[in-house]
Amino acid sequence: ENLDKGLEKSKTSFFDKMSKAVAGKSKVDDEVLDDLEDVLVSSDVGVATTIKIINRIEDRVARDKYLGTDELNKILREEIAALLSETSSGEYSELDIPADKRPYVIMVVGVNGVGKTTTIGKLAHQFKKQGKKVVLGAADTFRAAAIDQLQIWADRTDVPIIKQKMGSDPASVAFETIKHAVQMDADVVLIDTAGRLHNKVNLMKELSKVKRVMQKTVADAPHEVLLVLDGSTGQNAFEQAKQFTAATEVTSLAVTKLDGTAKGGVVIGISDQFKIPVKYIGVGEGVEDLQVFNKFEFVDSFFK
Ligand code: GDP
């Protein structure tokens, strides 16, 4: 019974919590704003972004003198969409692969367990469906399981993979992968990297070495550094974003495990705090369960 309650609680949506906060109130006053603040923080929007949103709503209350709670949803949606627009201008924020950058090199970073390998597999599948030639590089050489997992995805999506034995130099794997991609005239390269965060200096060194050797063959590689974050982990995802953005230049985000969680608020907070666009969201374990991020659809789902 307790477990049921726990699950129910963790699945209480932002919209449910919002509805509770404004129940029986007709106008937005300090108490409603306080409750709204709690709802945003408990939905993992993060304190700084929550304060920003609350301030904007306070400004509107001050300007219009009166704001009915029936209008609050609409205004919140507008404010959240506006925040997301600061990093993703279009409706869809797919990674587009320019034809003149061939191969287009995407280095994928993130902590173990967040869904990095799965996201690489799903992306390989999407790119292949678009008729692109894809190569995978297993440069997370620290764990045998990581190499095996990527091999499984390579088989599943029928995409070539370059790998070496566990413990070999990640930079060497990256170098071989790029070389192979050039030889086979590939469109896209997806490089998996080690997700150890226990030592920031090592992480930084390793990622910059991987970059350096790739640039021997493709001068402007990597074209993208995609950080994968687990959307169900709230504050941990913020912390990881902080560490990885300090260690390397992250250009885009994929937020996984947004199926079965009411905690999608990380998407809002992280794209706002780090000014990096969310490009993909993971909504399951299957090969098709990766969606191109659409800010309007996201805001809609947040308010359901
Ligand atoms: P990695 O260590 O970061 O490479 O993580 P994996 O790709 O191996 O994923 C870890 C676990 O999370 C696996 O069981 C995946 O099936 C699961 N996973 C990955 N993405 C998603 C997602 O979007 N939704 C759900 N529900 N599970 C996911």
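Here are some notes:
- The calculated P(r) of the stretch 29-140, using every Cα pair and 10 Å bins from 0, goes 10, 30, 22, 18, 15, 4 in percent.
- For the stretch 133-234, trypsin sites (Lys or Arg not before Pro) meeting the loop criterion (DSSP other than H, G, I, E, B) and having at most 13 other Cβ atoms within 10 Å: K165, K216.
- For the chain, average projected area of the Cα convex hull in nm²: 17.2 nm²
- Neighbourhood charge, 15 Å Cβ-Cβ cut-off, centred on K275 and excluding it, Lys, Arg +1 and Asp, Glu -1: +1
- Contact order for the chain, expressed relative to its length and based on alpha carbon pairs under 8 Å spaced 6+ residues apart, stands at 26 percent.
- Relative to the 2.2 N^0.38 Å rule of thumb, the stretch 6-74 has a C-alpha radius of gyration ratio of 1.12.
- Of the GluC sites (Glu not before Pro) found in the stretch 199-304, those in coil by DSSP whose Cβ has at most 16 other Cβ atoms within 10 Å are E249, E285, E288.
- Centre separation in Å (Cα based) which lies between the stretch 151-174 and the stretch 236-304: 26 Å
- DSSP-loop trypsin sites (Lys or Arg not before Pro) across the stretch 40-71, with at most 13 other Cβ within 10 angstrom: K65
- Each Lys or Arg adds one and each Asp or Glu takes one away; over the other residues whose Cβ falls under 11 Å from the Cβ of R56, this sums to -1.
- Percentage of interatomic Cα-Cα distances in the stretch 65-200 larger than 26 Å: 37 percent
- At q = 0.12, 0.17 Å⁻¹, base-10 log of I(q)/I(0) for the stretch 174-252 (Debye sum, equal scatterers on each alpha carbon): -0.39, -0.72
- One quarter of the surface of the convex hull around the alpha-carbon atoms of the stretch 155-217 equals 5.0 nm², the direction-averaged projected area.
- Sum of side-chain charges, T157 neighbourhood, beta-carbon under 13 Å (Lys, Arg +1; Asp, Glu -1): +3
- With Rh defined as the Kirkwood radius, the inverse of the mean 1/r over Cα pairs, the Rg/Rh of the stretch 164-304 is 1.00.
Since every read-out is calculated from the coordinates, none of them should be taken as a lab result. Keep in mind it's a predicted model, so treat the numbers as computed, not measured. Because the Cβ atoms are built from the backbone with ideal geometry, glycine has one as well, and the counts that use them run over all protein chains shown.
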